[in-house]
1. Amide H of VAL243 versus every other amide H placed in the peptide plane: which residues, excluding those fewer than 5 positions away on the same chain, fall under 5 Å?
2. Could you calculate the FRET efficiency of ALA255 with ASN90 from 1/(1 + (r/R0)^6), where r is the beta carbon distance between them and R0 is 51 Å, rounded to 0.05?
3. Could you state the angle between the C-alpha long axis of helix 194-208 and the longest principal axis of the C-alpha atoms of the chain, as a value from 0 to 90 degrees rounded to the nearest 10?
4. Looking at the chain, which longest stretch skips every one of the GluC sites (Glu not before Pro) that is in a DSSP loop with at most 11 other Cβ atoms within 10 Å, leaving the sites themselves out?
5. Choose one answer from ALA33, ALA255, ALA302: the residue with the largest mean-square fluctuation in a GNM of the chain with alpha-carbon springs under 10 Å.
6. Can you work out the FRET efficiency for the pair TYR314 and GLU235, with r the C-beta to C-beta distance and R0 = 45 Å, to the nearest 0.05?
7. Any idea what angle helix 154-165 forms with the longest principal axis of the chain, computed on alpha-carbon atoms, 0 to 90 degrees, nearest 10?
8. Which value in deg cm²/dmol, rounded to the nearest 500, describes the helix-derived mean residue ellipticity at 222 nm for the chain, given -39,500 (n - 2.57) per DSSP H run of n ≥ 4 and division by the residue count?
Amino acid sequence: MEAHKQLTIGLFGFGVVGEGLYKVLQQTPSLKAEIRKVCIKNPEKKRDAPASLFTTSREELLSDPAINVIVEVIDDADAAFEIVSTALLNGKAVVSASKKMIAEHLPELLELQEKTGQPFLCESAACASIPVIRNLEEYYDNDLLHSIKAIVNGSTNFILTKMFEDKLDFAEALLLAQQLGFAESNPKLDVEGYDAVNKWAILLNHAYGIVEHPDNILFSGIQNIQLSDATVAREKNYDIKLVAQAKKLTDGTVAAFVLPQFVKHDEPLSFVKNEYNGVVIESGFADKQFFYGKGAGSFPTASAVLSDIAALRYNYRY
Ligand code: HSE
């Protein structure tokens, strides 16, 4: 068997996910993946890692021939796209967690992959710890995939759970989601459904090969849900959840949307509480399957990034 290359990583971003990855990699020595340099915006900020690891120069990572993998976990979608495109064009494999950037630039990213032949992996961009992208990509046959119904945003699910089960008000629940590192830096992206629809655009691509800009997918968030709505629903054995749904129609087209929905208490998605996500897949022959796991947070997201790094090793022979 061919000897593995060393996985030498240039990491962009040392926030909730980047720092999580740094810590996770310290516990996975057999993967033989090491972070060579981390590019950050603010060099003054105190970080729990050697100062020599950090730089503010993108070029230092993107032009370093020793770095063969760029991991990009930053917040700024425009900067993320520039970093990812340059990295692919420079012959580096890329792992990205930037949901917004990926959803908004799917056509260009697919073209870049085609042109450069470099791997671009983004398991952490949807449903964090749940290995849903790789399963949709590799396990399911497009023709046989009847429907997917999912909770893809941890913060809104956390807020709804805290409001309806622990009787917190919306602002308290949101603050808690922010303190726990689940929410986006602009939490409007979670609350108003933008984050969920970005993830849905990515999952639709991996499930059905659909390339659709998130602006063209019908969506709403939880901004108009009141405690009284949930009380009425619960009396009738329903919960209210922010559900992303895709269904193949008889003519072969796929109807897809992200909307708050009533979920009956015996349905798998009603068991998905707090920052957890869940995905119910119905397909020919395999029938119905339910994936469940943490959908937000430092280590669950870092674990999905780690799975992409491992996939480079095992699927792409790095
Ligand atoms: N803000 C996101 C969420 C983080 O709550 O699901 C994980 O993508």
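1. Under 5 Å from the amide H of VAL243 lie the amide H atoms of LEU259, GLN261, each far enough along the sequence or on another chain.
2. The calculated FRET efficiency here is 0.80.
3. Helix 194-208 sits at roughly 80 degrees to that axis.
4. Free of exposed loop sites, the longest segment is 45-318.
5. Answer for the Gaussian network model of the chain: ALA255.
6. So, using R0 = 45 Å, E works out to roughly 0.35.
7. Orientation of helix 154-165: about 30 degrees from the principal axis.
8. -11000 deg cm²/dmol
Any read-out appearing in this document is the output of simple, stated calculations on the displayed coordinates, not a laboratory observation. Bear in mind the structure is a predicted one, so any value in this text is a computation, not a measurement. Using ideal geometry, Cβ is built from the backbone for each residue, glycine included, and neighbour counts are taken over all protein chains shown.
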